[in-house]
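A short write-up of the structure that comes next.
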């Protein structure tokens, strides 16, 4: 099993073009590949409930089967278990799951696995050295399909290949200078499941009442993820409430409260996802990390 550590960022409509032109990537060779993926689950959504993603990916070189466990994720940064192995075709390799990732999926659930949704996208990839770290920069552009429904993929993933995770934040901050982006927590698997079943979030008032500052930020990110795919104004309101909760907390430093208030106010505008929105989002998360470090 490998551990995948990545920072996920959602891009605005102008983001892909701006990213390709960004000076930080100008002297790096870009590789492009088309990837088609089918995600599997049981009729009772056992994998979704366990936050497990199981997919078959068709690549130019053949088929890969991948299983990812829930792991942990906050503020766009994700760390989770990942198993991946080549298979002969587009049929699930059940024995491979038993061999490579034993005990991750119950035998009863293995027998019920079936296709649930698909993702088709082009991946543009750069390998970047940031300080002493090696980072894969992957820009995914395409579509998630669930039945007759579909949503766009416009996603940037910074995956740590070697070195410290701090380098992911430094690279993200440099890319935010000119690229409209924001931290995102929802994976393609989570987005596909929500497209299939509908977006839902826990009761906002109850969540906010007992949340930590970092949880407030994650609630805002989750709401913006839901807004991006559903277009429902309720999620915009939820994101604003979470940001205002941080901005109005007098126990927090100005470095937290100021960007939180700016983000809440900016969400009132029609074109809020700009490079400045990304810069303030990343500044907020950095300030929250510093706040949490002081409490430890």
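The values are calculated or read from the model by the stated rules, or taken from the named source; none is laboratory data. Only a predicted model underlies this, so the values are computations on that prediction, with no experimental measurement involved. Because the Cβ atoms are built from the backbone with ideal geometry, glycine has one as well, and the counts that use them run over all protein chains shown.
Points worth noting:
- The listed residues are 271, 258, and the only one of them that is within 17 Å of residue 11 (Cα to Cα) and surrounded by fewer than 21 Cβ atoms within 10 Å (Cβ to Cβ) turns out to be 271.
- Some residue of region 172-182 being farther than 23 Å from residue 219 by Cβ and either touching a helix residue (DSSP H, G or I) at 6+ places or on another chain (Cβ under 6 Å) or in a strand (DSSP E or B) (or both): yes
- Test: residue in region 82-99 that is closer than 23 Å to residue 196 by Cβ, at pLDDT below 95 and in a strand (DSSP E or B): yes
- Candidates 16, 102, 60 - the one that is modelled with pLDDT of 95 or more and assigned by TED's automatic domain parsing to the domain that holds residue 186: 16
- Selection from region 143-189 of residues that are within 23 Å of residue 33 (Cβ to Cβ) and without any contact (Cβ under 8 Å) to a residue 24 or more places away in the chain: 152
- Checking residue 219 against (1) crowded, with 17+ Cβ neighbours inside 10 Å; (2) modelled with pLDDT of 95 or more, the condition it does not meet: (2)
- No other residue among 139, 160, 168 is assigned to a strand (DSSP E or B), surrounded by 20 or more Cβ atoms within 10 Å (Cβ to Cβ), within 17 Å of the chain's Cα centre (by Cα) and modelled with pLDDT under 95 apart from 160.
- Test result for residue 24, at positive phi, touching a strand residue (DSSP E or B) at 6+ places or on another chain (Cβ under 9 Å), outside any strand (DSSP E or B) and touching a residue at least 12 places away in the same chain (Cβ under 8 Å): no
- Test: residue in region 117-131 that is in a helix (DSSP H, G or I) and either exposed (fewer than 13 other Cβ atoms within 10 Å of the Cβ) or in the same structural domain as residue 7 (by TED's automatic domain parsing) (or both): no
- Taking region 244-290 as the range and being in contact with a strand residue (DSSP E or B) (Cβ under 8 Å, 6 or more places away or on another chain) and within 23 Å of residue 165 (Cα to Cα) as the test, the residues that pass are 275, 277, 278, 281, 282, 285.
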